[in-house]
Amino acid sequence: MDALHHNIENFAAFPHPAYQLIAVLLMVGYGAHLAFSVYFLAASTQIAPRYRLVPWFSAVVMLAAGLSLFREFSVWSETMVFTGEDWRRDSQEVFSNAYRYANWTITIPLLLAQLLIALKLPRASMHKLLPKLVLAAIAMIWTGLVGQFYEQASIATMLVWGAISTVPFVYLVIAVQKELKAAKGRTPVILHPWLDKMFPYFLFFWGLYALAYMVPAFSDGAAAAVVRQFMYTVADVFSKLVYGLILSRFVLRLSAAEGYAPAAEALGPDWSATEPVPAHATTAPAATAAETA
């Protein structure tokens, strides 16, 4: 591919602090994700069987994201060489953000699936809706992937592909909002505030990816590259890691509300005092994680 189709990081001269900032951001990204894969596996033991796919999927997401970001970090380290004054691309190497898109191709379908499981979507409805969401997610990611190759060659072309990518993104936003509202009919009232807060959280941090995509339209220097990597790292951590924590804590409370004793014990006595278990829910749910999916 022509050099003009490379990412902006390949054309900038990075002062040492800027180079190190990007290296640290990438390291924080892969380190945090890999570390929390263990947490999600451990946390799953306190959650009712029918909801355990939620933390299990988070563990897979952590591993996939961590490994791809480690690859991104390695490429960054291999690509840039110190000239004595600043850091520039080695003429024999190329840095690429395409690894992030490979990461999202794996992780976003899992993020959507675990949300539907946490929302107790009936199996038939899930089997109907999830493929549509996954196809929309893949379309969003891969049209964005095509567009990012033009961030140096043609901003207009990059923006056109970005606009195309926005169409499936809007569909995903509308679908998620609809399912969060519908889930209130299947969720204890005490957990409704969680559902209310999930949508703006989802919208903000998924929208942050779109803003990061737009950075080359405004600047292509070292500062722009640092800002974009910062935005990508923040979006990755909050839309995957923290999102997984939120869903895991949500289904932990849902498990306790349905009478699953290990979940109630994990939440402690304050849970039973302020969020009482319904009188009719005295046994663990019969459904398993596999049955939910």
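To the nearest 10 degrees, how steeply does helix 192-214 sit against the main Cα axis of the chain, on a 0 to 90 scale?
10
So what J values fall out for the range 253-266 if you push phi through Karplus, 6.51 cos²θ - 1.76 cosθ + 1.60 with θ = phi - 60°, rounded to Hz, Gly and Pro as x?
Karplus-based 3J(HN,Hα) across the range 253-266 equals 5, 5, 4, 5, 5, 8, x, 7, 4, x, 5, 4, 5, 5 Hz.
How long is the chain along each principal axis, judged by its Cα atoms, biggest number first, in Å?
70, 35, 28
Residues with amide H under 5 Å of Met80's amide H, sequence separation 5 or more or different chain, H placed in the peptide plane at 1.01 Å from N; which?
Asp90
Rounding to the nearest 10 and keeping the result within 0 to 90°, find how far the Cα-based axis of helix 16-43 lies from the longest principal axis of the chain.
20
Relative contact order for the chain using alpha-carbon pairs under 8 Å, separation at least 6, rounded to a whole percent?
28
Helix 123-148 versus the longest principal axis of the chain: what is the Cα-based angle in degrees, 0 to 90, to the nearest 10?
10
Quick check: convex hull of the Cα atoms in the range 79-189, volume per residue, rounded to a whole Å³?
141
Using the Karplus curve 6.51 cos²θ - 1.76 cosθ + 1.60 with θ = phi - 60°, work out ³J(HN,Hα) for each residue of the range 93-106 in order, rounded to whole Hz, and write x for Gly and Pro.
Karplus-based 3J(HN,Hα) across the range 93-106 equals 10, 9, 8, 9, 8, 4, 5, 5, 5, 5, 4, 5, 4, 7 Hz.
So what's the back-of-envelope 222 nm ellipticity for the chain, counting only DSSP H runs of four-plus at -39500 (n - 2.57) apiece and dividing by all residues, rounded to 500?
-23000 deg cm²/dmol, from helical runs alone.
With just the Cα atoms defining each centre, how far is the range 228-252 from the range 124-179? Give it in Å.
Taking the Cα centre of each part, the range 228-252 and the range 124-179 sit 19 Å apart.
Only the coordinates and a few stated rules stand behind these numbers; no lab work does. Since the model is a prediction, treat every value here as computed from it, not as a measurement.
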